[in-house]
Amino acid sequence: MRLIEHARACLAGLLPLAMLAISIGWVPQAGAERIKDLASFAGVRDNQLIGYGIVVGLAGTGDQTTQVPFTRQSIQNMLERQGLSPDGGNVQLANVAAVMVTGTLPPFAKPGQTIDVTVSSMGNADSLRGGELLMTPLKGADDNIYAVAQGSLIVGGLDASGRDGSRVTVNIPTAGRIPNGATVERSVPSKMGGAGAVFLNLRESDFTTARRMEKAINDVLGGGVAQAVDGGTIKVRAPDAPDQRVGFMSVLENVTVEPGEGPARVVVNSRSGTVVIGQNVTIEAAAVSHGNLTVTVDESLNVSQPAPFSEGQTVVTPDSNIAVQEEDSRAFLFDPGVKLNDIVQAVNAVGASPSDLVAILQALKQAGALKAELIVI
């Protein structure tokens, strides 16, 4: 009781109250998820970096500089910076490739830390295997340099060809990665919310989840601390002092919330035939009959020969043979309000393939029997 009275009497109130939630043995709800898995703090984000560079040391698999002028120009500029003045018309190097280098600068990254980078060919290089990326500045959207990349590439792809024109390619040999290949040179200031508050942005906007998150935070940290601004944002009062705010956010992100159930959706991948049916999908009363109809047309040519000494002419006549075959199909009935398990069992009972299932779901949606959003990707 003394801890509770001390926390309530504290002027700042927020951090002591947050630490109190741990000290009194606050237990998360069963089946709930942490706030750090459902939302992110506003202002805490990654930043994309990009740069143009040169990869050297390739075994004759680089750009054909006669066809890729920007590679030749890059080589000339690089050599000039090294104190050399090559003749532009004689620069023909098959061991060099022009590349784009990309990376992601995580939040709170400090100068001296390293990040991974991806190197991708821009020209007509056959492979980057065995290459070495020369020092490449990486810029952000504001055109400032935030990191510098350099190092040996790790390429998972393979490209091999023979003199007879045969060629074997495995995976993608024109792209690779350099683990810890870039050194951070500048940090990005991160503003975690505003004065006296932090904001939580839900990864998937949902009014039910936002309301439950507001209640869960207020139950742990005290009433009035959290306020749901809309279906995707929760405002939480927080200490202004940086040392207190870090501790407060550590407690806040571990508060557990039981998220709201997602909308009823059926997602169909038209390329692979994958069908994902959500747990809240229901079907009204409907009867479905699905079968395959095969039509075969066989064309042949016959020769029509007239009788001897007649005035007729020899001609070629087509002969068409059309056959129709319809596979046996069984009808199945959906009772009103059937759930996911009933749908799967009914479709499996008739031996429907993924493509058949897609056709059935689309027909049910058009008939108004499928109570879900049908998404085709």
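Restricting the search to the stretch 33-85, which residues are on the phi > 0 side of the Ramachandran plot and without any contact (Cβ under 8 Å) to a residue 60 or more places away in the chain?
Applying the first criterion (on the phi > 0 side of the Ramachandran plot) to the stretch 33-85 yields 43, 57, 60, 83.
Matches in the stretch 33-85: 60, 83.
Restricted to the stretch 149-162, and to residues there that are within 26 Å of the chain's Cα centre (by Cα) and either closer than 14 Å to residue 184 by Cβ or outside any strand (DSSP E or B) (or both), the residue that is modelled with the highest pLDDT is 149. Within the stretch 64-83, the only residue that satisfies the criterion of being part of a loop (DSSP other than H, G, I, E, B), within 27 Å of residue 183 (Cβ to Cβ) and not polar (S, T, N, Q) is 83. Would you call residue 238 of a type in the set (Gly, Ala, Ser), modelled with pLDDT of 90 or more and surrounded by 19 or more Cβ atoms within 10 Å (Cβ to Cβ)? The answer is no for residue 238. Filtering the stretch 234-253 to residues that are acidic (Asp, Glu) and within 33 Å of the chain's Cα centre (by Cα) leaves only 253.
Of all the numbered requirements in (1) modelled with pLDDT of 70 or more; (2) over 30 Å from residue 33 (Cα atoms), residue 295 misses one, and that requirement is (1). Note on the stretch 187-214: residues that are charged (D, E, K, R) and either surrounded by 14 or more Cβ atoms within 10 Å (Cβ to Cβ) or on the phi > 0 side of the Ramachandran plot (or both) total 4.
The values are calculated or read from the model by the stated rules, or taken from the named source; none is laboratory data. The structure displayed is predicted, hence computed values, not measured ones. A quick note on method: Cβ atoms are made from the backbone with ideal geometry, for glycine too, and the neighbour counts reach across all protein chains shown.
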